[in-house]
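The values are calculated or read from the model by the stated rules, or taken from the named source; none is laboratory data. All values reported here derive from a predicted model rather than from experimental measurement. No Cβ is skipped: glycine too gets one built from the backbone with ideal geometry, and neighbour counts run over all protein chains shown. Calculation scope for accessible area: heavy atoms of the full protein, side chains included, ligands and nucleic acids excluded. Shrake-Rupley method; radii C 1.70, N 1.55, O 1.52, S 1.80 Å.
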Amino acid sequence: MKVKTLRREFFQYVILNICGMIGLSCYILADTFFISNGLGANGLTALNLAIPIYNFIHGSGLMFAMGGATKYSIYRGQKNDKNADESFSNTIYIMSAFAVIFMLTGIFFS
């Protein structure tokens, strides 16, 4: 009984993730179509350079946020409030440092 509910929950998350990726792909396809009609080859070049950079920034944020939240939840579950607070603060500090780095890179090296 437990295996079926676990399997069902797993596939529910997988299907929702696949639907989200299909939606993102459709968005990028439509965006590419309109940029190619409006700006031509230069617009497509800029888009193809910007998408991987955006994905890197987005992935970095997700990585630190999910990792920090997981560590925080584990410490809270263990009733270890001091380490939970340190974990939360360290995650905020690291993400703030990366945000400043990404912002400065965008301002000065775009």
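Given the criterion in contact with an Asp or Glu (Cβ under 8 Å, 6 or more places away or on another chain) and either in a helix (DSSP H, G or I) or closer than 27 Å to residue 109 by Cα (or both), identify the matching residue among 13, 75.
75
Given the criterion in contact with a Gly (Cβ under 7 Å, 6 or more places away or on another chain), assigned to a helix (DSSP H, G or I), aliphatic (A, V, I, L, M) and surrounded by 10 or more Cβ atoms within 10 Å (Cβ to Cβ), identify the matching residue among 53, 18, 35, 101.
35
From the list 41, 46, which residue is at pLDDT below 90, surrounded by fewer than 10 Cβ atoms within 10 Å (Cβ to Cβ) and of a type outside the set (S, T, N, Q)?
41 is the lone residue from the list that is at pLDDT below 90, surrounded by fewer than 10 Cβ atoms within 10 Å (Cβ to Cβ) and of a type outside the set (S, T, N, Q).
Quick check on my filter: what residues within the stretch 78-98 are open to solvent by 70 Å² or more (accessible area, probe 1.4 Å), part of a helix (DSSP H, G or I) and farther than 19 Å from residue 58 by Cβ?
81, 82, 85, 86, 88, 90, 93 - these are the residues of the stretch 78-98 that are open to solvent by 70 Å² or more (accessible area, probe 1.4 Å), part of a helix (DSSP H, G or I) and farther than 19 Å from residue 58 by Cβ.
What is the residue count in the stretch 38-50 for residues that are farther than 26 Å from residue 101 by Cβ and part of a helix (DSSP H, G or I)?
Residues that pass the stated criteria total 6.
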